Amino acid sequence: MERVVSLSRRRLLWLGGSVIAAGAAGIALATRGGKPAEATATASAEPVWNGLTEADWKARLTPDQFAVLREEATEAQGSSPLLTEKRSGTYHCAGCDLPAFASETKYDSGTGWPSFFDHLPNAIGTKEDNSYFATRTEVHCARCGGHFGHVFDDGPAPTGLRYCLNGLALTFRQTT
């Protein structure tokens, strides 16, 4: 079972290394206007699953998925089985099953979280996240509003973006 880590300021200072690197990336974004160039292109569809109650979401999701998707927690670095997923397929929102990322856009960013350089059309929304002493761009599901992770502008070509996501927020469907 994957372990969710909810980052507090004290834990942030304790984690060091990779978190400092992630914070530095956030600071770099803040100094360049706070958002990756593409981050303002959000899905046109308004979330339609927001009418579900907290009890409804808790019934649909595991406790760890609920913490990530509905409470914006972060899973433990290196804990997701999706890190090593290499098959062809599609990554869907674990909350509402919306197809969000294609396997062809997945890459190993070395961060310890599943990373993609692009998303499927109309699959995500974004919003500014000012937590942990930096301005970052949060990525969420366009349909249910579930928290996926963040997008940074240090990814590979052709987009230059790195969608750094919680594996708990996604499910994988192999192409047959």
ARG87 meets each of (1) touching a residue at least 60 places away in the same chain (Cβ under 8 Å); (2) within 16 Å of CYS141 (Cβ to Cβ); (3) in contact with a strand residue (DSSP E or B) (Cβ under 7 Å, 6 or more places away or on another chain); (4) surrounded by fewer than 19 Cβ atoms within 10 Å (Cβ to Cβ) with one exception, condition (2)
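Sort out which residues of the range 136-150 are part of a strand (DSSP E or B) and either more than 13 Å from PHE66 (Cβ to Cβ) or among the aromatic types (Phe, Trp, Tyr) (or both), and write them in order of number.
Quick first cut of the range 136-150, residues part of a strand (DSSP E or B) only: 136-141, 147-150.
Hits for the range 136-150 are ARG136, THR137, GLU138, VAL139, HIS140, CYS141, PHE148, GLY149, HIS150.
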Go through the range 135-176 and give me each residue that's of a type in the set (S, T, N, Q), more than 23 Å from ALA76 (Cβ to Cβ) and in contact with a helix residue (DSSP H, G or I) (Cβ under 9 Å, 6 or more places away or on another chain). THR135, THR159, GLN174, THR175
If THR42 satisfies every condition in (1) at pLDDT 95 or above; (2) polar (S, T, N, Q); (3) part of a loop (DSSP other than H, G, I, E, B) but one, which is the exception? (1)
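I want to confirm something. Restricting to the range 100-109 and keeping residues that are buried (at least 18 other Cβ atoms within 10 Å of the Cβ) and in contact with a Leu (Cβ under 8 Å, 6 or more places away or on another chain), which single residue is nearest to GLU54 (Cα to Cα)? Give the steps one after another, and end with the answer.
Restricting attention to the range 100-109, the residues satisfying the condition of being buried (at least 18 other Cβ atoms within 10 Å of the Cβ) are 100-101, 105-106, 109.
Narrowing the set further to residues that are in contact with a Leu (Cβ under 8 Å, 6 or more places away or on another chain) leaves 100-101.
Details: ALA100: 23, PHE101: 26 Å.
The extreme case among them is ALA100.
The values are calculated or read from the model by the stated rules, or taken from the named source; none is laboratory data. Quantities reported herein were computed from a predicted structural model and do not represent experimental measurements. FYI the Cβ positions are ideal-geometry reconstructions off the backbone, even for glycines, and counts take in every protein chain you see.
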